[in-house]
Every structure is written in structure tokens, then in C-alpha cells.
Amino acid sequence: MTDLIDRRALLRGSAALGGTAALASWFPAWAQPVSAGIVRPLPTVSGDEIHLKIAAQMMTIDGRMSHAIGINGTVPAPLVRLREGQKVRLHVENALDEDSSIHWHGLILPFQMDGVPGVSFPGIKPRSTFTYEFPIVQSGTYWYHSHSGLQEQLGHYGPIVIDPAGEDPIKSDREHVLVLSDHSPLHPHTIFRKLKQQGGYFNFQKQTLAGQLAGRDQSGKDRLAWGAMRMDPTDVSDVTGSTYTYLVNGHGPRDNWTGLFHPGERIRLRIINASAMTTFNFRIPGLKLTVVQADGLPVRPVSVDEIQVAVAETYDVIVEPADDRAYTIVGESVDRSGMARATLAPREGMAAIVPPLRKRPLADMKDMGMGDMAGMSSMDHSAMPSSGKDAACPPEHAAMGHCKPAGDAAAMDQPTMSHGTGGMKHSMRDMSMAPEVKDTPTVQTISPMPIDRTGEPGQGLKDVGHKVLVYRDLMAVERNPDVRAPDRSMRIHLTGNMERYMWAFDGVKLSEVKKPIPFLKDERVRITLVNDTMMGHPIHLHGHFFELVTGHGAYAPRKHTVQVQPGGTVTFDVTTDAVGDWAFHCHMLYHMHAGMMQIVSVRPREGTAA
């Protein structure tokens, strides 16, 4: 308990002492407590022949020892630095007593080299070596991680930097790689078991009677309404700071990883969210962040104060500290139960004030998929039309036409909402709003009025008082390679049952899928993701980049991972130009493990070569 109190005191504004800790053997050189960036070139593994060894090890975070899985003896794994145009061979030895793998996240490569066991290759057996071999056809910031079991949570992840074949158009005097992640002393299978037993097991920030008496959070009226729907507005993160320590380059908040700079320099920060389950709100108080890349691809520079970085996303930003002082790097978890903390400083041993954790967010009607009804007076039922005669039809539902008064013969043909133990669930019979979704136990809710939220700050950032990056801010630097209109469109629903901790696409878990999602080579498809849950989902498509439909036409931003906000939609166009079988999944590790994953199969057209 003392350690917990000390850590919270640190995060709530204590002036922390800078770290000049001795070099730690479990960290790669680039992630040592003090990194000098380009002034002292980052030690990396590079070249055409690279050897990586996956093995169990111990690591120390904020003074505590913990079990881990590392690569070449380090957590995070070594920085793999490559150059566009080369062909690389990566010899990966598995020294574990179980199968393992490496997926090269965001890299365009043959599907056999993608590294997903059971989809693109059989995995790497214990005490054996697998050689990945592929050309490097891109540049930018990416990362790599295990796609076997829950090994990623234990430290099996690392950064990738690919330099352009020619001169880098993004100019900087120095760069730092910032790998954000989460770590728990609990074994990941223990975490998953606890979530299956109780979906909100790690949520220690629920509303309380004391909070209500003090006038905090929801009013009593709203609490009753949400309780009737069996919805918890504090259910923002599945796994929280109650068990997680949030890391920067493998270092906890007390460790204070420090990146050096000279005042006046233009510094490039390569930000990678390599966490298992944590959406980070990233900021550096006192510095503007100029976003220059998203998911490894250049975007037109946009200046912001904060970025919500979803799991598996990468952003490159430029900062220009002019003053001879330290700055705190803040990676606050989306539910604000903790933060990753590091420092930018002119000299070793410096530190800046660590800002306090901000008030944790509460889900609202928009997060529930009620669309713009969230703008109404916080569930003020008196402002909504009455359902007429049937008290069993809540007025907020009647306002949306989802139920009819008792005795109305047409009621049998209308979708309904029930408030039983399964939570707010639309009847799946004759459900015209979501015909793609199967009526299974994995579907607890259907968003009645989902809306495109790509122009909004991420959950909890609407009223922070400064500029937060939104997807609609992003524009590609160059015209997209394929600007054809879509040949066809499809909708995919992100569904879940929090009480039973089940997650799926369209109500069907991976274990229940009978066939892959089929595409033909070079099809142009418009896909709309509909989030029927009250939690954000980072959706990743392997082997492809897609263009977000955000109003920028031929200069739409291209990404490989996109966060779909609660109750929201995201639409993207994709050219399925990579023949093979590819994983398509939520990058929340335990959501994927619970079933929110399918396979995309791209096949050659008849009479054409692959």
C-alpha cells in the first residue's frame, strides 16, 4: 500500500528527482534511463542479416522485479533499424518452452512472412528458429510483437524504424523513440481469467455514495437510469492502473527515462503504443506537438497539444524546446488511473513537475450509441416524447421509435430494448438497423444511433481546454496511389458482452467463424466499422493500408490501425492488393483473445497471376 501511495503522490504533482540510474541489463541501449538520441547514435540491430532470440527473463520496473519475455535479453526488444529498398533476413530463435512468433506490425510483406500462427505460418516451435525474409518497401515508424497467446503482455514487443531510401523529408536535429506500454505483475492468463469472472474486476474508479453526496459525477436521477440499463459509465478501460504500471521504453514513472536535447533543436519523437490494453493520452506540457507521420506514413504537419494514441498506433511528432529546462512527457491512460512518465531535458538529472492525473471520464449517451441525443439534457426524460401508455417503454427509447405502446399490433414488428441481466439489448428479430449481426450471447448492445466521431477528440478529451488531434486533422502529403471509387461496401459491427467478457465481429467470435471474409485482388472496398459497445476498439488490418473517409478525397490519411470510439463509426476505403490470408482484429490483446478477430482472404481474379 505504501508503494501505491508513493506512486500516486508522484503522479499527482510531486517534483520528482531526475534519473541517472545505472545502465540496466534488461534494457536495450536505446532505452537506457538516459538517451542522447542522434548526438550519440542509437545502438540498434540492423543490416541484411539480423538474429533475434526470444526468451524468458526478469525485469525491474520502479524497483520491483517481474517475470517477462524479452528478445536478445531486453524489454522492450531491440530497435530494428532498416532502410527502404533493402532485403532483410531475420533469424528468430525461440528459446521458450512454448510456441512463439513475431508479427511485423504495419510492414507490407508477403503473407507467409506476416507472422500470425494459424493464419500465415505455423508459428515458431520451442527450441527452433524461423527465418523471415522480405523486401523493405516503405519507410517510417513501426513495431513488432508476438502474435502467440498473450506473450505481448509480458514484454514481447519492440520498435522498428525504417529510413527512407533517399533524404528524409522530415528534418530534425535529433530523434527519440518512445515505446509506451503497460505491465502487470499478474500473469496475463490470470488477468484474462479475472476479466471472464467479472468484467469490471480492475475498475477501482466506480461511482460511490460518498461521491454522490459530494455532488460528483452523475446525478442521482442519471445513476438510476443507467442502473436500470445495467450500464456503468466508469467502464472505460478493462485493465487499469490498479494492476498496471505504465511504461516509457520499459521504465516506470519513478525510473524517469530521460531523453536529452539542446535548447533550440528540432526533435523528432517516434511514439509507439505497444501496450496490450491501454489507450494513452500523450502530451508534453509546455510544448506543442507537430504531427508529421501517422502509422509510419507522412501527413501534412498539424500542431496540437495532445494526441490520443490507440493501441498499436504510431505517431511521429516534432517538438522544439527553446528553454534550458526539463519537460515532462505524459502518457496518461484513457481512464486516468495512471500514467507513463518520462522527461526531455538538456542535462542528466533534471526533471519537471509531473502534472496530476485529471478527473476520470464518464461514458455518456453518445458513447452508448445514442448519437446526438448526448446533446440533450443528460437523459432528461421530461424533455423527450412520452411513449404513451406503456411504462415498460422508457421514454428515451420511445423518442427513437424503438418500442410501441402496449396493445399496438405493430409493436411485434419493431426492434425493442430490454433491460434484463444482459443489459440494454435490442431484439435481433427483424432488426433492420443491423442485419449483419448474429443474435448470439456475444451481443449485449446494439448502437441505435451510431455516428461518425472522427472529428471529435478521443473519449474524455472534449473539455481539456487545448487542441487535441482528431482523425479529420490528418491529410496525406502525397496523392493516394488508388483513388478509384469503391466497387462495393460492407458494414462490420464491433460487438461485445462485458458481463461475460465476450468480444466479436458481428456477434461471431473467431472460434465460431466458418469462413474468412472474401476479397478479390485489387478490389476497392468501402468498409464501415460500427462500434456497438461502450469502449473504444483499435482495429488493425494486416498486410494493407486503408484510407480514412474523412473528407480529404485523394489526400485521405492512410493507416493500418484505427480507433473506433464508443458508439461511433469509422469508414475507410481499402484496395485489397495483397493476395493471401490476413488477420483482421481488435488490437486490445484480451479482446482479440476473447474472439474479436477474423481472417481476410484475398484471392487472385480468374485468369490472373497472384
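Readers should treat all values here as calculations from the given coordinates under stated rules, not as data from a laboratory. Quick caveat, the model's predicted, so the values are computed rather than measured. In this analysis, Cβ positions are derived from the backbone assuming ideal geometry, glycine residues included, and neighbour counts consider all displayed protein chains.
Just a few scattered comments:
- Scalar couplings 3J(HN,Hα) for the range 190-200, obtained by applying the Karplus form with A = 6.51, B = -1.76, C = 1.60 to θ = phi - 60°, are 5, 4, 5, 5, 5, 5, 5, 6, 7, x, x Hz; x denotes Gly and Pro.
- Remark on GLN293: its backbone amide H falls under 5 Å from those of VAL299, ASP316, a criterion applied only to residues 5 or more positions apart or on other chains, H modelled at 1.01 Å from N.
- Computed over neighbours whose Cβ is under 12 Å from that of HIS147, the net charge equals -3, Lys and Arg +1, Asp and Glu -1.
- For ALA340, the amide hydrogen comes within under 5 Å of the amide hydrogens of GLY331, GLU332, SER333, counting only partners 5 or more places away or on other chains and with H modelled in the peptide plane.
- The overall shape of the range 57-100 is oblate: from the C-alpha gyration tensor, with semi-axes ordered a ≥ b ≥ c, the ratio a/c is 1.5 or greater and a/b is no larger than b/c.
- Here the spin labels are modelled as points 7 Å beyond Cα on the Cα-Cβ line, and at ARG89 and ALA554 they lie 4.3 nm apart.
- Theoretical FRET efficiency, 1/(1+(r/R0)^6), r = Cβ-Cβ of ARG358 and ASP168, R0 45 Å, to 0.05: 0.80
- Cross-link partners of LYS196 among lysines (Cα-Cα below 26 Å; sequence separation of 8 or more within a chain): LYS206, LYS425, LYS438, LYS509, LYS514
- For the pair THR190 and LYS515, a Förster radius of 45 Å applied to the C-beta separation gives a FRET efficiency near 0.85, rounded to the nearest 0.05.
- Under the Karplus curve 6.51 cos²θ - 1.76 cosθ + 1.60, θ = phi - 60°, whole-Hz ³J(HN,Hα) for the range 92-103, x wherever Gly or Pro sits: 10, 9, 9, 9, 7, 8, 9, 4, 9, 5, 9, 9
- Within the shell defined by Cβ-Cβ distances under 12 Å, the residues around ASP482 carry a net charge of -2, with Lys and Arg each +1 and Asp and Glu each -1.
- Whole-Hz Karplus values for the range 283-299 come out as 7, 10, x, x, 10, 7, 10, 9, 6, 10, 9, 10, 6, x, 10, x, 10 Hz, taken residue by residue from phi with 6.51 cos²θ - 1.76 cosθ + 1.60 and θ = phi - 60°; glycine and proline positions read x.
- A simple count of charges around VAL530, restricted to other residues whose Cβ falls under 11 Å of its Cβ and scoring Lys, Arg +1 and Asp, Glu -1, yields -3.
- Cβ-Cβ FRET estimate between GLU133 and LEU224, R0 fixed at 60 Å, reported to 0.05: 0.45
- Estimated translational D of the range 452-603 in µm²/s (Stokes, Kirkwood radius over Cα pairs; 10 °C; 1.306 mPa s): 99 µm²/s
- Maximal additional length on extending the MET58-ASN72 stretch stands at 3.8 nm, based on 0.36 nm per residue less the C-alpha distance.
- The modelled label-to-label distance for the pair HIS51/ARG500, using points 7 Å beyond Cα in the direction of Cβ, is 5.0 nm.
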